[in-house]
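Every number here is computed from the coordinates shown, using simple stated rules; none is lab data. Being a predicted model, the structure only gives us computed values, none of them experimental. Cβ: placed from backbone, ideal geometry, glycine included. Neighbour counts: every protein chain shown.
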Amino acid sequence: MPAQSFWTDPLVSLSRITPATDGQQYFFGYYDIPAFSGDGRYHLVNRVPFRDRLPRETDSCELCLIDLKAIAAGAKPEDAFSRFAETKAWNFQQGALLQWYPAGSGSQVIYNDWDGRGYHATVLDMRTGKERRIERPLANVSPNGHWGLSLNFDRIWNFRPGYGYCNRQDPWYNNPQPEEDGIWLVDLLTNTSRLLVSYAHLGFLYNLDPALSQRKIVVNHITFNRTSDRFLFLVRFFPEQGEHWLTGLGTVDLSGIVYLLRPYTYASHYHWRDSQTILIHTEGSEGPGMYELTDLSQQEKYCNHPVLSKDIHCSYSPDRRWIIGDGYPDKEGMRPVALYDCHTGRGRTIGRFISPPVPVGDIRCDLHLRWSPDGRHVSFDSTHEGYRGVYLLDLSALLDAGL
């Protein structure tokens, strides 16, 4: 491995937890869904045979399990690795949205799949092998495991292929704001669903500018709060040639009432701190930057620190003391890892990883740092060794020493 391909703080320990010599590409996906089992022993991972193009309908993604305890005891990644399923509903940014179900579990996982006619989610008991089918694919699962949120992944594919699925044409492709499609609330206990907020309603709320009134819209990201009773969504309009989309922010309760946080503006990555506070890189009173927004009251707090000034995939540690995030490649092609202490207000860069250019932006490999349940480690995806792999940073010594 070239010495210049990465750098980590001396107090941080780096290890790879996926095989390196089998010619396969490994990744987990997003930064805000549970990759670690509740006891921290196992880590979920996706495996595909390529990384140089977008997925096609015929491409399958293998869903796999890594035994971190075995690796810690000296096992090689290839000897602590097992495959348990495969799916044809996946992408490079979020995989099949594979995750432990509910968060904190060590026995059940949930993921999206395609049966040749439509998408659905599957709940799999890892111990018994028993499967349960959910009628809709899921874009997010509530922390308590009761609720799921379903979106039109065909529509998302047309907007950003890195987050949608390629298997079929959007039934509402030519309808900019359909009344029959939008945000679906899924009761995962009864396997029933209902359309909670339609695209027609979101268009009425957000496309107020006459120039945008008939523009096609899509919900690109959506996430439950920590108490599983509200969720944040990002609604965006499809940009025309030479144009970039803008983002409307809103939250919704389980009855379907929409609370507008921002009209169309700049808004990017976010993470819930608690039931009503959202950390998000967006436009605010101090210009573009990182803010804590309080839902309903819409109060904002500007996070005035250099490591939080740029758009990062931000997330709070389980105890909410630390914020970690990875940024986009700098002028040297390195993706930075930033750590910020919410108690002391100190922060700095603790790692940098080379990120070679890709032919299509939606197959890029963001690090997408993910906290372990004990808040002492983070896992991440990277291509700094020349292939797509999953890695572990042990932050214990650094956290104990403080920033």
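In 10 Å bins starting at 0, how do the alpha-carbon pair distances of segment 112-198 split up by percent?
That works out to 17, 47, 30, 6, 1, in percent per bin.
Which net charge results when you count Lys and Arg as +1 and Asp and Glu as -1 among the other residues whose beta-carbon is under 13 Å from that of residue 305?
+1
Anything over 32 Å Cα to Cα? Flag those among 76/130; 88/216; 88/310; 69/331, in the order listed.
Numbers: 76/130 29 Å; 88/216 27 Å; 88/310 34 Å; 69/331 38 Å.
In this structure, 88/310; 69/331 exceed 32 Å between Cα atoms.
What Kirkwood hydrodynamic radius, in Å, does segment 33-116 give when the mean of 1/r is taken over all pairs of distinct Cα atoms and then inverted?
Here the Kirkwood hydrodynamic radius works out to 13.5 Å.
Between residue 13 and residue 374, what is the spin-label point distance in nm, taking each point 7 Å from the Cα along the Cα→C-beta axis?
Result for the modelled spin labels: 1.1 nm.
Using alpha-carbon positions, what is the distance between the centroids of segment 202-262 and segment 1-62, in Å?
Each part reduced to its Cα centre gives a spacing of 31 Å.
Tell me, what is the Rg over Rh of segment 351-403, with Rh the Kirkwood radius over Cα pairs?
Ratio value, two decimals: 1.06.
Multiplying the sequence separation of residue 173 and residue 260 by 0.36 nm and subtracting their Cα-Cα distance, what value in nm do you get?
This chain segment gains 28.7 nm when fully extended.
Once label points are set 7 Å from the Cα along Cα→Cβ at both residue 213 and residue 133, what is their separation, rounded to one decimal in nm?
A separation of 4.4 nm, rounded to one decimal place.
What FRET efficiency would be calculated for the residue pair residue 346, residue 296, taking the C-beta separation as r and a Förster radius of 25 Å, to the nearest 0.05?
0.20
Kindly put 58, 383 in sequence by how many other C-beta atoms sit within 10 Å of each C-beta, fewest to most.
Lowest to highest Cβ neighbour count: 58, 383.
Helix-only mean residue ellipticity at 222 nm, the chain, DSSP H runs n ≥ 4 weighted -39,500 (n - 2.57), per residue, nearest 500. What is it?
Rounded to the nearest 500, it is -1500 deg cm²/dmol.
Say R0 is 30 Å: what FRET efficiency, to the nearest 0.05, do residue 22 and residue 396 get from their beta-carbon distance?
Between residue 22 and residue 396 the formula returns 0.50.
I need to check one value: relative contact order of segment 8-401, counting alpha carbon pairs closer than 8 Å and at least 6 residues apart, in percent.
The normalised contact order for segment 8-401 reaches 15 percent.
What residue among 315, 60, 285 has the largest mean-square fluctuation in a Gaussian network model of the chain, using Cα springs under 10 Å?
285
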